[in-house]
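Accompanying notes for the structure given below.
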Ligand code: ADP
Ligand code: MG
């Protein structure tokens with residue numbers, strides 16, 4: 001067996017909460033149970049004294065109202081069935097209040113339990129049909145050789161009924177009574193129900209028929225027996241034998257058993273539990289359920305005795321509780337509030353059952369041969385029975401007696417059973433008591449030994465006690481004596497300490513005064529020394545200062561004397577230089593006066609010369625102007641004559657021209673051909689232009705002549721010429737315009753040319769007129785030029801005359817000014833020489849005064865030197881006298897006491913001189929004198945007493 005099985009496996013506990021029934025829904029019943037399938041928790045809300053209290057239980061699995069039959073089976077039962085197929089024995093209990101779905105869970109909804117199409121189970125099918133189907137499916141799938149047997153029994157009021165018994169047999173028995181089966185030990189530690197029908201099934205569908213039969217039987221009983229089912233347990237068992245071959249080739253039979261228990265309503269347990277006494281009185285209403293509870297309690301609390309034998313149910317299922325079977329409990333509850341009390345008790349019960357531990361073991365595989373042997377035995381037994389029945393060679397008795405005997409036998413068997421159970425429990429109790437008794441006897445002997453030892457000790461101790469009491473008395477006396485001495489010494493110590501404190505404070509005060517006085521003396525000494533050093537320093541400094549002062553005075557006197565000599569020298573040289581400068585100055589004044597006179601004379605001569613010259617020049621100008629005017633007049637007259645002749649010539653040529661023109665016009669008029677006219681016009685044009693050029697050249701030559709000869713009338717003439725030029729050029733331009741026009745016209749029309757010719761003639765006439773007017777104009781210009789020349793002459797004449805007059809006037813003024821300048825120069829010379837004389841006199845006086853002053857200064861310097869010497873020696877003497885004779889230092893007498901720095905003892909140190917407190921003293925004593933080494937005769941006093949003040953400083 002593996003370790004897992006040694007430790008055991010906890011009983012698996014599942015919880016299922018059914019949905020609200022139609023009635024409950026109609027009444028709108030509040031729900032108090034909340035399932036959390038995932039967390040495997042069930043919460044129950046309670047309202048206790050107005051307070052909402054939630055209780056939460058945790059289980060191995062939780063199925064809420066929404067969980068289907070299929071869910072529960074797949075999650076919880078499939079593994080169990082698999083283990084059964086592996087060879088384990090497994091049990092599933094359904095526990096809960098009536099009406100919470102135990103039967104629904106185990107068997108399923110009976111109305112719809114007919115198998116569905118193709119062997120599918122209806123959704124309402126419970127654990128039993130599903131398990132059977134799984135078993136057959138698996139076995140068929142494995143292709144194994146197997147046999148499946150089922151039993152189905154009911155346990156009511158401690159009576160077992162076979163729910164699979166054939167109808168006929170039960171009918172043979174009394175109508176009301178079912179066939180009751182006894183429970184027997186099988187001799188291997190288990191029990192078996194004698195005469196229980198074991199139905200061998202070969203397919204799942206067969207099981208359904210059987211189940212229906214059993215349930216129907218139970219149902220009938222229910223109606224007959226007044227709700228019996230709520231108080232009865234039903235046990236459906238499936239036993240499987242599977243053939244296997246081991247490696248040696250031997251054929252083995254593997255055996256597994258599945259028990260499916262639909263328990264009575266749990267409300268019976270609590271009711272009977274609450275009033276156990278009366279429950280018993282009322283007959284064994286639900287002994288089995290009660291015992292189951294007790295067995296669970298005993299298992300959970302690990303009590304020594306487990307009352308399996310107290311009920312048939314626990315006897316039947318002994319192995320499922322704390323045995324080798326794997327067990328699962330499905331607790332069912334209702335969500336409704338009116339079931340709250342029962343729900344809580346169910347939850348508590350189920351929760352407690354979780355702690356039961358089983359040690360599952362695989363059933364030993366049987367050899368096929370053994371099994372066959374067993375079966376043969378069984379066959380033999382049955383054969384004998386059959387034979388006896390057939391041969392009627394058994395015992396025959398009347399029916400009534402048989403029944404009575406049977407009853408008696410049954411009651412006897414029960415009593416025997418009960419007695420057996422009692423004996424077993426009593427034996428167990430006895431064993432327990434025996435062990436207890438043995439333990440007590442052992443304890444008793446131990447205690448007697450101890451008592452003897454204690455008695456001996458007591459005797460000895462009593463003796464010691466009397467001795468000790470004597471000793472104690474003596475000690476107490478000594479202690480009293482000691483106490484008295486200590487008290488007196490304490491008093492003295494206190495007085496001494498007080499006195500010491502007073503003295504200490506006085507000493508402290510005088511110490512302070514002393515220190516202050518010494519400090520004062522030290523300050524005085526320090527000040528004296530300081531004063532002496534100041535005086536010495538001052539004396540030396542004074543000496544040095546006086547010396548340096550003397551030196552400064554002598555050096556300054558020497559310098560002053562030197563400076564005074566210098567001043568005297570300077571004065572001498574200054575007078576000499578001054579005299580020389582005076583003489584030179586006088587000489588220079590005389591020379592400058594002579595020079596001045598000569599310069600004046602020269603100036604006079606120059607003036608005269610200048611006058612004569614200007615007069616002659618003026619005369620010459622006058623004559624030149626008059627001659628110039630005459631020659632201009634002559635030239636103009638000449639030019640006028642020439643101009644007139646030229647004009648006449650011009651007029652004559654113009655008139656010939658006019659004549660030619662007229663002649664030409666006539667010729668032109670006669671000729672009409674276009675080309676001739678053109679030629680003629682070209683000729684005319686060239687002729688005219690030639691003529692104009694010639695005339696212009698002539699006029700230009702004449703005009704150039706006139707320009708050269710007549711400077712005065714040049715401008716006028718230029719203007720004339722330019723105007724004439726303008727006229728001729730305009731004439732020329734007009735002629736050109738005309739000729740071009742005439743040319744154009746001649747090209748178009750020869751007649752038009754004639755008209756043009758007329759116009760040309762008129763233009764010629766115009767030019768003749770213009771020439772005439774130009775002549776007139778030149779005549780007029782000539783006259784005005786002559787007039788202007790005359791005017792000019794007269795103006796020049798008057799100007800020359802006024803210049804001569806002003807010359808004379810200047811001459812006179814210059815001679816007059818020369819005389820006054822001569823006089824002024826003389827006078828100024830004399831003033832200057834006088835002034836220089838008086839200045840040199842004053843300088844001489846000042847110099848003599850300076851010399852006087854320097855002399856007196858020299859004298860006063862001499863007297864100062866003498867005074868200063870006497871004064872400084874006097875100061876030195878006085879200082880010496882003051883610092884060395886009058887100023888005195890402090891002389892130490894040597895009588896002043898030396899400073900003494902003794903410390904004042906502190907208050908604490910005085911206090912510390914007191915004896916230590918009793919406790920610490922005794923501690924010290926105990927440290928130095930251990931109790932073990934104490935003999936009692938000698939009294940060792942602690943360490944030597946401390947000398948006063950020795951430890952303080
Ligand atoms: P018990 O056997 O515990 O006395 P039953 O199995 O007879 O209770 O159930 C009582 C009623 O409740 C039945 O009509 C049943 O169909 C119904 N019922 C119980 N549990 C469920 C469930 N999980 N789902 C649907 N109906 C249920
Ligand atoms: Mg039921």
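Of note:
- Residue check for residue 341: at pLDDT below 85 and either out of contact with any helix residue (DSSP H, G or I) (no Cβ under 7 Å at 6 or more places or on another chain) or under 30 Å from residue 215 (Cβ atoms) (or both): no
- When residues in the range 416-450 are screened for being touching a helix residue (DSSP H, G or I) at 6+ places or on another chain (Cβ under 8 Å) and either farther than 30 Å from residue 183 by Cβ or exposed (fewer than 11 other Cβ atoms within 10 Å of the Cβ) (or both), 0 of them pass.
- Within the range 335-385, considering residues that are within 16 Å of ligand 1 (Cβ to nearest atom) and within 60 Å of the chain's Cα centre (by Cα), the one farthest from residue 8 (Cα to Cα): 336
- Among the residues making up the range 52-70, those that are out of contact with any helix residue (DSSP H, G or I) (no Cβ under 6 Å at 6 or more places or on another chain) and surrounded by 14 or more Cβ atoms within 10 Å (Cβ to Cβ) are 58, 59, 60, 62, 64, 65, 67, 69.
- For residue 24, the criteria (1) assigned to a helix (DSSP H, G or I); (2) closer than 30 Å to residue 313 by Cα; (3) in contact with a strand residue (DSSP E or B) (Cβ under 6 Å, 6 or more places away or on another chain) hold in every case but one, which is (2).
The values are calculated or read from the model by the stated rules, or taken from the named source; none is laboratory data. Keep in mind that what you see is a predicted model, and the values were worked out from it rather than measured. Note that each Cβ is placed from the backbone with ideal geometry, even for glycine, and that neighbours are counted across all protein chains shown.
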